Amino acid sequence: MKFTRTATTWYLRCASFLRFSLRFPLLMELRSTCCLFFLFLLFFLSPSSSIGGRHRARARSLFRSAESLIRDLNLLPGIQELGAEIEAENLSSPRLVERRLSLPILGQSGSEVPVEQLGHYAGYYRLEHTHAAKMFYFFFESRGKSTDPVVIWLTGGPGCSSELALFYENGPFKIANNLSLVWNDYGWDKVVLYIPGFNWVMGLDMTLVMEQRPTTITETSTEADKTLYEAWVRSNRLSLNLMKMTMAENVKPSMPKSDNAREFIKLIKEYSQSEITDKSIVSNIIFVDQPTGTGFSYSTDLRDLRYGEKGVSNDLYDFLQAFFKEHQDFLNNDFYITGESYAGHYIPAAAERVHTGNKEKQGLKLNLKGFAIGNGLTDPSIQYGAYADYALEMGIITERAHNSINKIYPLCQLGIKLCGSSGVISCAASLVVCESIFNSIMLLAGDINFPLQYYDIRKKCEGSLCYDFSNMEKFLNQESVRKVLGVGNRKFVSCSPLVYRAMITDWMKNLEVGIPALLEDGIKLMVYAGEYDLICNWLGNFRWVSSMEWSGSQIFNETALTQFKVDGKEAGLFKTFGPLTFLKVHDAGHMVPMDQPKAALQMLEKWMEGSLNEELVTAVATM
C-alpha cells in the first residue's frame, strides 16, 4: 500500500512537470527521468504484474493514467488514412504487374535512349498476406553478365522511399536541375573491367559495348543516327585518352596506333601480355518502397500498416518470392540485402526471414549470400551510448556537456531493457528517454539560423531532411513519369509521417540478436559508415559490431584495422574476419554512396567477391 501511495504522489509530480517541461528544451534530462519513472509504473503496476490483490485496482488505475499521459504526449502513432484518395482496387488482378521502362535521358539531343535493352523495370506486387497492400519497386538489370549478383536496397526513415537512393546515391541515373535524367557513372548496375595496369568502369562506354563503329553521318542520316554517332565519338575519344594515360611505360614504344578504343584494348592485351578479366560487377539491383505506405507503395486498408519487424520482413519475403518467380533467370544468382539508416532494423530482420524460409523450404530458395548495413541503427542500447562520445571527439560539444549528457544513458539503457520485455507503451517512452541524448547534443551544438547537419556534421541543415530532394518529388509527380511507371494518380512523398509514427514502438528494439546465427551459417555481413555522420555514427556501429558474440568475435576484435584504398589512396579503414566486415569510410556522411560514390561502388564489388584487402586502382570512362 505504501508503494502504491508513493507511486501516486510521484506520478502526479512527474505528470505536471512533463507537461510544463515541453516548453523548455533545457529541462531534457529531468524530462527523461520522468519518462523513465512512467516506464517503472508501466512495468511494476501493469495489470499482469504480481502486485497484491487489494492494491490491484489502484495499481490498474495508476497504470491507465500513465498510459493515457504518454498517449496525450503523442508518443504513440495516431490513426490516419493509409491510402487517402486512392481508387478502389481490383483484387482479382494479377499479384505482380511489371512493365519495362523507357525514360528520356539528358544529353541525347532529345531522343529517347532505348533503356529497355538494358532491362529496366517498375512494378507493383499485391502482397499475398495483406488485405489490400501493394508494394512498388524498380528493377535494373546489370550491364554485365546475367549471372551477376542480385542486390536489393532498402532505405530507412522509417518510411522513406528507396527512390532517394535510386536518384541520389547508387541507381543507374540521377535527376538534373531541369528534371531530366543523367547517367550515374557509379551506379550499382555498372560493369567494372579489369586489366592489370588498365582499369576503368565501362558501364557507359559505348565503344566497348558496341560491336561495330556507327555509320558515319551523311546528309540522309536521321537524328537518331547522328545522336548515336556523336555519342560514340565522345566515348571513343575519352576511352583512348584514359587508356594511353594509364599505359605502362615499357609498353608504349611498341604499341601500334589505333583510333578505335575497342581495337586498342585488343592491342593492349597482345603487347602487354596481360589478360583481360571481367570481374563483372556490380549487380542486378532492386529498389523497393517498404513498409506499406512508403513512396508509391500503398494500401486501401489501415490494417496493412506495420508496427514492427515481423510484419515488415514477412511482407518483404512475400515480395521476394513473387519477384524471383517472375524473374526465374536470376533465382540461382547470389543474393544480397543492402540499405542504410533505419534499414539497420529492416535488413537483419529480412535476412533472418529469408534464411528461415530457405531452411524450412517455405517457398523458392533464395541464394542469400550476405547483407550490408550502411550507417544503420541496429542495436540502440549500444549506439545511443556512443552519441556523446562521438560528439566530444568531433568537437561538437564540450567535455562538461559530455559528462552531463552521459548521465541520461543509464536511464536509456534501462528503458530499452523494459521495451524488450514489456509492451508498446514502454517502447514509446524509452524512445523519448533515449532521444533526449541526441536532442541535447543538437540543442548545444546548433545555431538557430544554421542548425547542425546531423547527417553530415561538415554541412548546414537545409530543409526537413537536411538535403534538398525536391527535384525527385517534382520529377516523380509529373504526369508523364507517373504514366510510365504505372502508378496512376498517386502522389509521391519522399518520407511518410504515418509509417514513421507507426514504427515508433519498433525503434528501441535490438536487431543485433538474430545476426550471430546468420554469421554461424556462413551468411556474410558488412557494416559500413561514413565518418561524418552523427545520427548513426561510425563509433556506435563499430561498438555494436565489436560487442556481438559469435564464434569468431575474439579473432575479429584482435584483427587490426587495415587501409581501404581507392586509386592508391586511403579511402577508409576496415577489418574483416570470416563472414564479418566493418568499414569506416573517409570523407562521407550518412549517405556513403552519395558522398563517396566511387568508393562505395568498389566497396560493394570487392566485398561481394571477398577481396576487400586487395588494392585495385580504377579510372572512370564515361560518355
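Would you pick out the residues in the range 143-179 that are surrounded by 22 or more Cβ atoms within 10 Å (Cβ to Cβ), part of a loop (DSSP other than H, G, I, E, B) and of a type in the set (S, T, N, Q)?
If the condition is that a residue be surrounded by 22 or more Cβ atoms within 10 Å (Cβ to Cβ), part of a loop (DSSP other than H, G, I, E, B) and of a type in the set (S, T, N, Q), then Thr155, Ser161, Ser162 are the ones that fit.
Within the range 397-417, can one find any residue that is under 25 Å from the mean Cα position of the chain (by Cα) and modelled with pLDDT under 95?
Filtering the range 397-417 down to residues under 25 Å from the mean Cα position of the chain (by Cα) leaves 416.
Retained after the next criterion (residues that are modelled with pLDDT under 95): 416.
Within the range 397-417, one or more residues are under 25 Å from the mean Cα position of the chain (by Cα) and modelled with pLDDT under 95.
Quick one: would you say Glu479 is outside the structural domain of Leu411 (by TED's automatic domain parsing), farther than 25 Å from Pro593 by Cα and either under 21 Å from the mean Cα position of the chain (by Cα) or among the charged types (D, E, K, R) (or both)? Write out each step before concluding.
Details: outside the structural domain of Leu411 (by TED's automatic domain parsing): yes; farther than 25 Å from Pro593 by Cα: yes; either under 21 Å from the mean Cα position of the chain (by Cα) or among the charged types (D, E, K, R) (or both): yes.
When the stated conditions are applied, Glu479 passes them.
Looking for something of a type in the set (D, E, K, R), at pLDDT 90 or above and touching a helix residue (DSSP H, G or I) at 6+ places or on another chain (Cβ under 8 Å) - is there at least one such residue anywhere in the range 279-301?
Yes, the range 279-301 contains at least one residue that is of a type in the set (D, E, K, R), at pLDDT 90 or above and touching a helix residue (DSSP H, G or I) at 6+ places or on another chain (Cβ under 8 Å).
Yes/no per residue for (1) modelled with pLDDT of 95 or more; (2) closer than 29 Å to Ala133 by Cβ; (3) out of contact with any Pro (no Cβ under 7 Å at 6 or more places or on another chain):
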position: Leu485; (1), (2), (3): no, yes, yes
position: Val493; (1), (2), (3): no, yes, yes
position: Pro497; (1), (2), (3): no, yes, yes
position: Tyr500; (1), (2), (3): no, yes, no
position: Pro516; (1), (2), (3): yes, no, yes
position: Leu519; (1), (2), (3): yes, no, no
position: Tyr532; (1), (2), (3): yes, no, yes
position: Trp544; (1), (2), (3): yes, no, yes
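I want to confirm something. Restricting to the range 307-362 and keeping residues that are charged (D, E, K, R) and closer than 23 Å to Ala122 by Cβ, which single residue is surrounded by the most Cβ atoms within 10 Å (Cβ to Cβ)?
Here is the first cut: in the range 307-362, the residues charged (D, E, K, R) are 309-310, 315, 318, 325-326, 329, 334, 340, 352-353, 359-361.
The next check asks that each one be closer than 23 Å to Ala122 by Cβ; those that pass are 315, 318, 325-326, 329, 340.
Numbers: Asp315: 26, Asp318: 21, Lys325: 13, Glu326: 18, Asp329: 12, Glu340: 31.
Going through the qualifying residues, I end up with Glu340.
Can you tell me which residue in the range 490-513 is farthest from Ser440 (Cα to Cα), limited to those that are part of a loop (DSSP other than H, G, I, E, B) and of a type in the set (S, T, N, Q)?
Ser494
For the range 296-329, which residues satisfy the criterion of being of a type in the set (S, T, N, Q) and more than 18 Å from the chain's Cα centre (by Cα)?
Passing the criteria: Ser299, Thr300, Asn314, Gln321, Gln328.
Go over the candidates Ala351, Ala322 one by one and state the one that is modelled with pLDDT of 95 or more and part of a helix (DSSP H, G or I).
The conditions single out Ala351.
Does Leu377 fit the bill of being surrounded by fewer than 23 Cβ atoms within 10 Å (Cβ to Cβ), assigned by TED's automatic domain parsing to the domain that holds Gly514, under 26 Å from the mean Cα position of the chain (by Cα) and not acidic (Asp, Glu)?
For Leu377, the condition - surrounded by fewer than 23 Cβ atoms within 10 Å (Cβ to Cβ), assigned by TED's automatic domain parsing to the domain that holds Gly514, under 26 Å from the mean Cα position of the chain (by Cα) and not acidic (Asp, Glu) - is not met.
Here are some residues: Tyr336, Tyr307. Which one is of a type in the set (Ser, Thr, Tyr), in contact with a helix residue (DSSP H, G or I) (Cβ under 7 Å, 6 or more places away or on another chain) and in a strand (DSSP E or B)?
Tyr336
Mind checking which residues of the range 467-489 are out of contact with any helix residue (DSSP H, G or I) (no Cβ under 7 Å at 6 or more places or on another chain) and buried (at least 19 other Cβ atoms within 10 Å of the Cβ)?
Within the range 467-489, Tyr467, Leu485, Val487 meet the criteria.
Can you tell me which residues in the range 502-520 are of a type in the set (D, E, K, R) and free of Cβ contacts under 8 Å to residues at least 60 places away in the same chain?
Glu520
Hey, does the range 311-327 have a residue that's out of contact with any Asp or Glu (no Cβ under 6 Å at 6 or more places or on another chain), without any contact (Cβ under 8 Å) to a residue 24 or more places away in the chain and under 30 Å from Ala428 (Cα atoms)? Steps first, answer last, please.
Taking the range 311-327 and keeping what is out of contact with any Asp or Glu (no Cβ under 6 Å at 6 or more places or on another chain), we get 311-317, 319-327.
Now drop any that are not without any contact (Cβ under 8 Å) to a residue 24 or more places away in the chain, which leaves 311.
Keeping just the survivors that are under 30 Å from Ala428 (Cα atoms) gives 311.
Yes, the conditions are met somewhere in the range 311-327.
In the list Ser283, Ser297, which residue meets the criterion of being under 26 Å from Met603 (Cα atoms) and in contact (Cβ under 8 Å) with a residue 40 or more places away in the chain?
It is Ser283.
The values are calculated or read from the model by the stated rules, or taken from the named source; none is laboratory data. Fair warning: this is a prediction, and the values are worked out from it, not measured in the lab. So basically every Cβ, Gly included, is an ideal-geometry build from the backbone, and we count neighbours across all protein chains shown.
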